[in-house]
Structures are given as C-alpha cells and as structure tokens.
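See below for the structure under consideration.
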Amino acid sequence: MSEMNNTLLEVNDLTMDFGGLRAVDSVSLNVCAGEIVALIGPNGAGKTTFFNCVTGIYKPTNGDVLVHPPEKKSQKINGFKSNRVTTIGMARTFQNIRLFQNMTVLENVMIGRHCRTTTNIVGAILRGKKTKRQERETVERSYDLLEKVGLLDDADEFAKNLPYGAQRRLEIARAMATDPFLLLLDEPAAGMNPQETKDLDELIVRIRDMEKIAILLIEHDMKLVMNISDRIYVMEYGKEIAQGAPMDIRNNPKVIEAYLGEETDA
C-alpha cells in the first residue's frame, strides 16, 4: 500500500515521570496513513500513560510528539491541551466509557461535531442562515455516523439504555464526529462478549478502509489485535520491548516471556 509511507503520528523517545516513578521510558512509535497499529503489554506497562501524553492529557517529561496531518503542515504538539489535539485531527476513546448517559445517542454524536463548527454564542441566539446550516449539517453527519456504527435505530434512545457493546460503538462514533485522520482507541473491546468483540473487529477495519482513518489502539484481546493489526508495539515496565508484524510479535521470546510472566503473577 503506497500510502503506508505517509507518517501521520511520530513519537520520539517519549518519557513520562510522576515524581520518582518513570511510567514511560523513551518510547518511540509511528503510525502511517492506512494503518491499524496496536500497542500491547501487560497491565501497568504504561500504555494508557503513553496515550495520555500523545493526546494532551499529560505533558511528557521528555521526547517529542509530532503530527503530520494530511495536506497540512506538520507540528509538534507536546503540551497542547486535549481539545486542541482533537481539533488538529486526533480523536480518542477511553478505557472507561465517557458518554453523556442522560442524553440521546444522536446528541452524544452531535457534541463530537462541536469542534468542527464555527457558530458562536451570538450566532446561536440570533440563529442566522450560517448557524442553521451548520446545525443541519451536524445532524446529517451525526445520523450518517450512527448508520456506520450500526446504531441508527437507537438515535433517540438515551445513551445509558444501550447495551455495553453498543455504548462502546457510540463512543467511537462520537470520536469520528470530530473528523479525525487518526483514531486512538483505549481498550475498545474491554468487557465485551465474543460476538461484540467480533463486531468491533469488523467495525475498526471498516473505519480504516471506508473512512480512510488510521487507527492506534491499546488492547488486551490478543485475537483481535492479531486479526486486524498491520504492526504491533509491545511495552513492559514503561519500555518498548518489541515491534513488528503480528507474526513476528507472536513468536518473539521477549513478548512471550512478558505475557507468561503476567499469567504467573495473576
């Protein structure tokens, strides 16, 4: 795939310290257009901390986070606030579902569109042509995304009433509503049953293929990771211990040891 050479996210020697604890230790990673890249490792390896540094929740202690948005100028985003990172074109989901539970499914996705509209408070009050047009476009785009994640029939349902797997898909739809070039998914299959996981597996590939959005995911479900990933990075105790294609990772002695160690400790 020729677009594979187009780097979208470039992380160099990322380090994150919390007091005397080094949670992430000089980790480098990149994601190219058209890729699904997985970041795996035992519990406590530093994966979510890495995500938090990349998406503006934490400012890394050292290292660089560079983004190369398609057809826009590259920029270093260390220390940017989360909302600015989203506006640039990187959206994420979280381990713990963060939906607005007492709002409808449609309203949850519409909120995701907020960073792509330019209406201010005056426009909202006066409701001019531009405001009305943007509102209409927001609703249309939100319905379109709900159809893509299989939730169109639930548009008017409260988010809290959706089954768990559907809430996960809604969170992905809301992230997609920001029009990202890169989607970061933090344990999207956590808590899912096998059928929900299979549906998620297919949805992630469909997002990559149909929406042309690259994916970086943290995931414990190894079957899902091996099924859909183009490349995999492995972390243990804050360090990167391996990277490569799924087959290379599956047979890597360091990776096997890291995971066997986790099972032994359990």
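For the residue pair Tyr164 and His114, what label-to-label distance in nm results when each label sits 7 Å from Cα along the Cα-to-beta-carbon direction? Each label point is offset 7 Å from its Cα along the Cβ direction, giving 2.8 nm. The rule of thumb for compact globular proteins, 2.2 N^0.38 Å, goes into the C-alpha radius of gyration of the chain 1.03 times. By the count of other C-beta atoms within 10 Å, a proxy for reagent exposure, Arg250, Arg92 are ordered fewest to most as Arg250, Arg92.
Which value, in nm² and rounded to one decimal, describes the direction-averaged projected area of the C-alpha convex hull of region 23-113? Write out the running numbers ahead of the final one.
Values: hull surface 29.4 nm².
Average of the hull's projected areas for region 23-113 equals 7.3 nm².
What does the charge count near Val255 come to, summing +1 for each Lys or Arg and -1 for each Asp or Glu among other residues with Cβ under 10 Å from its Cβ?
Working: positive: Arg250, Lys254; negative: Glu236, Asp248, Glu257.
With Lys, Arg at +1 and Asp, Glu at -1, the neighbours total -1.
Mark the label point 7 Å from the Cα of Lys223 along Cα→Cβ and return the residues of region 191-206 whose backbone N is within less than 15 Å of it. Counting backbone N atoms under 15 Å from the label point, the list is 191-202. Here the peptides 27-35, 251-259, 222-230 are ranked by packing, the mean other Cβ count within 10 Å, and the order with the highest first is 27-35, 222-230, 251-259. Between Thr87 and Asn6, the modelled labels are 2.4 nm apart [label points 7 Å from Cα along Cα→Cβ]. On the basis of the beta-carbon distance and an R0 of 22 Å, Glu211 and Asp156 show a calculated FRET efficiency of 0.35.
Could you tell me the ratio Rg/Rh of region 70-228? Both radii from Cα atoms, Rh via Kirkwood.
Numbers: Rg = 16.2 Å, Rh = 16.5 Å.
On the Cα set of region 70-228, Rg over Rh gives 0.98.
Each reported figure results from applying straightforward, stated rules to the coordinates on display, with no laboratory input. As the structure is a computational prediction, the values presented were derived from the model and not from experiment. A quick note on method: Cβ atoms are made from the backbone with ideal geometry, for glycine too, and the neighbour counts reach across all protein chains shown.
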